[in-house]
Amino acid sequence: MNFQPRGISAIHAPTSYKSEIEAAEALLKDKPTWNGVTAEAVARMRLQNRFKTGLDIARYTAAQMRADMAAYDADPTKYTQSLGCWHGFIAQQKLISIKKHGGGRTDRRYIYLSGWMIAALRSEFGPLPDQSMHEKTSVPALIEEIYTFLRQADSRELNDLFRQLDKAREAGDKAKETAIIDQIDNFQTHVVPIIADIDAGFGNAEATYLLAKKMIEAGACALQIENQVSDEKQCGHQDGKVTVPHDVFIAKVRAIRHAFLEMGVEDGIIVTRTDSLGAGLTQQIAVSHQPGDIGDQYNSFLDCEEVDASKIGNGDVIISRNGKLLRPKRLPSNLYQFRPGTGADRCVLDCITSLQNGADLLWIETEKPHIEQIASMVDRIREVVPNAKLAYNNSPSFNWTLNFRWQVYDAWKEEGKDVSKYNRAELMKAEYDETPLAIEADARIRTFQADSAKRAGIFHHLITLPTYHTAALSTDNLAREYFGDQGMLGYVKNVQRQEIRQGIACVKHQNMAGSDIGDDHKEYFAGDAALKAGGEHNTMNQFS
């Protein structure tokens with residue numbers, strides 16, 4: 001059975017529905033007391049649960065992601081995408097929709113697991129800011145939950161095929177029977193790679209290693225770690241970020257690599273994120289052994305003043321560079337300040353150092369979605385590491401409408417076009433929505449991912465928090481209608497009727513929750529005595 005056309009591994013043998021049945025028959029023929037257990041039922045249940053452990057998933061998805069990275073290197077139009085998910089059900093519905101609208105395929109479609117959404121939505125402390133204050137165990141728990149729901153999506157879809165197969169046999173339709181078996185043999189799983197946010201490691205390198213192991217055991221094939229101080233970690237799009245010297249960060253990268261290797265996921269992917277573009281502070285002065293080493297390069301960006309040896313004060317921290325004594329600017333918080341305007345240079349150094357020390361993908365956190373800003377750094381990185389690739393946060397923290405209208409306005413003004421009818425400070429207003437400038441801005445937003453994949457080396461485009469926002473928006477729309485004048489029509493017209501019209505599988509919510517799977521299992525276990533839920537009085541039949 002070719003369960004997934006790419007990255008086939010040992011867990012996917014045998015290779016066909018027929019051979020799976022034959023394997024079960026060979027097992028059962030020597031078990032005379034196992035009466036009532038049928039080979040086809042065993043084969044079906046095995047096919048519905050191909051991934052027995054999270055490590056099966058991690059190995060499989062790592063191979064898939066490596067193949068996608070190679071494909072992108074050969075052709076940058078083959079970039080990958082994901083949406084951030086905060087619940088297994090949300091991830092499941094996303095993959096069901098991808099298969100539905102993508103011809104049954106999930107190629108180059110991943111899931112992003114955001115630390116921000118775990119903090120805001122999954123912590124037992126209640127909603128928290130993105131500062132690594134949530135329970136670290138909630139991260140692997142969500143990975144496991146997501147893959148539980150994705151495996152259930154496999155089971156449900158295959159179960160529907162098995163039911164269709166039984167009906168084709170009952171009708172004596174051999175052609176349809178053959179066609180359905182072909183669908184089973186070429187079934188593509190809903191299980192796709194998860195890129196999981198490990199924040200700044202939730203502690204030192206050992207803590208990073210321990211958490212990484214748990215995340216990998218749960219199924220994560222790709223872990224993303226940032227170069228902030230763990231106990232001072234901030235959201236990448238907020239102020240107050242504090243970075244660490246490269247040797248501290250690289251120790252955590254190595255810890256993650258050791259975790260992957262220990263767990264037998266040799267293709268595991270490490271995504272190193274630099275927040276240096278918006279981080280003006282460091283907690284530590286780097287250790288430097290000789291001029292030009294990585295510690296010296298990190299310290300070269302510090303905001304310093306030259307001091308006379310005779311005027312060094314009590315408690316002053318002094319560094320020596322090129323025969324001069326320098327006092328780094330130290331704040332009341334005991335943090336050190338970088339020179340203004342050095343963010344891009346620090347990002348480039350961070351990225352090159354990460355790639356030279358085990359990273360597979362880069363993540364540069366920016367303050368706006370601007371292709372040339374990203375490309376200006378990537379061009380410099382690729383002078384040293386030619387195949388450098390990025391994962392990029394298409395963040396809801398950006399006002400995409402306003403940023404791109406500004407970009408078009410500024411470009412048109414520089415080109416000498418008349419922009420007198422536009423007020424740059426008010427371009428977010430709805431009155432501009434149908435203007436040529438807004439239309440051009442929307443066109444640039446639409447092609448941003450494809451354009452930046454080619455120009456700026458972005459292999460993976462993700463949106464960190466989309467389902468957080470869609471949940472809030474859809475709930476607001478429903479509450480406005482249902483608790484307003486529309487009453488029950490607010491739900492029926494705008495939710496259920498749309499589910500039916502658009503073929504949303506969840507309209508049959510009993511089936512989605514596994515009721516039909518359970519009925520078939522009852523029949524496997526109890527035969528004709530099974531008390532099944534899916535009879536003629538089941539109201540779900542109204543949606544058939």
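Restricted to the stretch 297-314, and to residues there that are touching a residue at least 24 places away in the same chain (Cβ under 8 Å) and either part of a loop (DSSP other than H, G, I, E, B) or charged (D, E, K, R) (or both), the residue that is surrounded by the fewest Cβ atoms within 10 Å (Cβ to Cβ) is GLU305. Output yes when any residue across the stretch 184-199 is over 18 Å from GLN284 (Cα atoms), surrounded by 22 or more Cβ atoms within 10 Å (Cβ to Cβ), of a type in the set (S, T, N, Q) and within 23 Å of the chain's Cα centre (by Cα), and no when none is. Yes, some residue in the stretch 184-199 is over 18 Å from GLN284 (Cα atoms), surrounded by 22 or more Cβ atoms within 10 Å (Cβ to Cβ), of a type in the set (S, T, N, Q) and within 23 Å of the chain's Cα centre (by Cα). Inspect the stretch 450-472 for any residue being of a type in the set (Phe, Trp, Tyr) and in contact with a Gly (Cβ under 8 Å, 6 or more places away or on another chain) and give the result as yes or no. The answer is yes; a qualifying residue exists.
Here's the yes/no breakdown for (1) in contact with a His (Cβ under 8 Å, 6 or more places away or on another chain); (2) not hydrophobic (A, V, I, L, M, F, W, C):
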| position | (1), (2) |
| --- | --- |
| LYS52 | no, yes |
| ILE90 | no, no |
| LYS94 | no, yes |
| HIS101 | no, yes |
| TYR110 | yes, yes |
| SER114 | no, yes |
| LYS136 | no, yes |
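Yes/no matrix, rows are residues, columns are (1) under 15 Å from ALA196 (Cβ atoms); (2) surrounded by fewer than 16 Cβ atoms within 10 Å (Cβ to Cβ); (3) small (Gly, Ala, Ser); (4) in contact with a helix residue (DSSP H, G or I) (Cβ under 7 Å, 6 or more places away or on another chain):
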| residue | (1), (2), (3), (4) |
| --- | --- |
| ARG66 | no, no, no, no |
| ALA71 | no, no, yes, no |
| ALA119 | yes, no, yes, no |
| SER123 | no, yes, yes, yes |
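Would you confirm, using the coordinates I've provided, whether SER82 is of a type in the set (Gly, Ala, Ser), in contact with a strand residue (DSSP E or B) (Cβ under 6 Å, 6 or more places away or on another chain) and more than 30 Å from HIS521 (Cα to Cα)? Yes. Regarding the stretch 485-500, can at least one residue be identified that is assigned to a helix (DSSP H, G or I), touching a residue at least 40 places away in the same chain (Cβ under 8 Å) and either closer than 21 Å to SER97 by Cα or not small (Gly, Ala, Ser) (or both)? There is at least one residue in the stretch 485-500 that is assigned to a helix (DSSP H, G or I), touching a residue at least 40 places away in the same chain (Cβ under 8 Å) and either closer than 21 Å to SER97 by Cα or not small (Gly, Ala, Ser) (or both).
For the stretch 253-296, the set of residues classified as surrounded by 19 or more Cβ atoms within 10 Å (Cβ to Cβ), assigned to a helix (DSSP H, G or I) and more than 23 Å from the chain's Cα centre (by Cα) consists of ILE294 only. Of all residues in the stretch 71-92, those satisfying the criterion of being in a strand (DSSP E or B) and either in contact with a Lys or Arg (Cβ under 8 Å, 6 or more places away or on another chain) or closer than 16 Å to ARG108 by Cβ (or both) are THR80, GLN81, SER82, LEU83. The set of residues in the stretch 375-393 being in a helix (DSSP H, G or I) and either outside the structural domain of TYR112 (by the TED database) or not acidic (Asp, Glu) (or both) consists of ALA375, SER376, MET377, VAL378, ARG380, ILE381, ARG382. Checking each residue in the stretch 479-491 for being exposed (fewer than 15 other Cβ atoms within 10 Å of the Cβ) and either within 33 Å of the chain's Cα centre (by Cα) or of a type in the set (D, E, K, R) (or both) picks out ALA479, ARG480, ASP485, TYR491.
The values are calculated or read from the model by the stated rules, or taken from the named source; none is laboratory data. All values derive from a computational prediction rather than experimental measurement. Heads up, the Cβs are rebuilt from the backbone with ideal geometry, glycines too, and the neighbour counts pull from every protein chain shown.
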